1. Give me the one-decimal nm value for the distance between modelled label points at Tyr170 and Glu55, 7 Å along each residue's Cα-to-Cβ direction.
2. Given a Förster distance of 30 Å, report the FRET efficiency between Asp3 and Leu119 from their Cβ-Cβ distance, rounded to the nearest 0.05.
3. Relative to the longest principal Cα axis of the chain, at what angle does helix 130-139 sit, 0 to 90 degrees, rounded to 10?
4. Subtract the Cα-Cα distance of Leu156 and Thr111 from 0.36 nm times their separation in residues, and report this length gain in nm to one decimal.
5. Is region 1-157 rounded, prolate or oblate when judged by the Cα gyration tensor, a ≥ b ≥ c being the square roots of its eigenvalues, rounded requiring a/c under 1.5 and prolate requiring a/b larger than b/c?
6. If you take the square roots of the eigenvalues of the alpha-carbon gyration tensor of region 129-180 and sort them as a ≥ b ≥ c, do you get rounded (a/c under 1.5), prolate (a/b over b/c) or oblate?
7. With unit charges on the beta carbons (Lys and Arg positive, Asp and Glu negative) and the dipole taken about the Cα centre of the chain, which residue among Ala4, Gln107, Asn40 sits farthest to the positive side?
8. List the lysines whose Cα lies under 30 Å from the Cα of Lys165, skipping any in the same chain that are fewer than 8 positions away.
Amino acid sequence: MLDADFFRRWMTATAAAVDREAERLTALDSPIGDADHGSNLQRGFTAVATTLEKEDPQTPGAILMLAGRQLISTVGGASGPLYGTLLRRTGKALGDAGEVSEEQFAQALRTGVDAVMVLGGAAPGDKTMIDALVPAVDALGDGFTAARAAAEEGALATTPLQARKGRASYLGERSIGHQDPGATSSALLIAGLAEANGE
Ligand code: ADP
Ligand code: MG
Ligand code: MG
């Protein structure tokens, strides 16, 4: 079972990974965006870590809903509302249970990813965070390590794609040949699950 501490560890592990990789995320957002993805998420996840400590929500659902709300209010770019929706909707789907099974979590995360697709209008293959998140939820039934590998593979597979959503889509064919920054940060988010589980 996954308890509130697991979800706290997920968020702090993600905040640390985003901190560590911020320069790389911003560098990826430079040729096909506006070079702010790393700083956007660094600001957002730092605020998430601070708020979780201060407000100390006690259930998995409350932790993720608060984290999502915080991302929406602190990240200016497109990724803020999208990641915020992902965490809020995933948290909402977990209800007020004190612990959830890995299977319940996998279902909830799918609900969250579906909400991101509705909000942003992106489908798999559009060269966005969805290209890491969808393979990750598909693999989650096989465990967190499998989900991490699937997300990393999905992020790498965005390189030859032409962007059809977000800022990178303005470049048309010139977006081809660059890895998507949001898919890359999504792989960090999913890697945080494995880390939180001691994998
Ligand atoms: P901005 O483009 O506003 O500067 P960021 O740089 O923080 O925002 O985030 C860019 C990332 O957001 C992209 O690499 C992409 O993965 C993701 N993204 C942008 N638009 C969408 C969308 N409509 N659906 C899903 N993901 C998107
Ligand atoms: Mg950007
Ligand atoms: Mg921006």
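We did not get these values from a lab; they are worked out from the coordinates using the rules stated. All values reported here derive from a predicted model rather than from experimental measurement. Note that we place each Cβ from the backbone using ideal geometry, even for glycine, and neighbour counts take in every protein chain shown.
1. For the pair Tyr170/Glu55, the computed spacing is 3.3 nm.
2. On the way: r = 29 Å, r/R0 = 0.96.
The calculated FRET efficiency here is 0.55.
3. Around 40 degrees separate the two axes.
4. On the way: separation 45, 0.36 × 45 = 16.20 nm, distance 2.40 nm.
Gain on extension, Leu156 to Thr111, equals 13.8 nm.
5. Numbers: a/c = 1.64, a/b = 1.20, b/c = 1.36.
In terms of gyration-tensor shape, oblate.
6. On the way: a/c = 4.34, a/b = 2.64, b/c = 1.64.
Cα axes put region 129-180 in the prolate bin.
7. Asn40
8. Candidates past the 8-residue exclusion: Lys92, Lys127.
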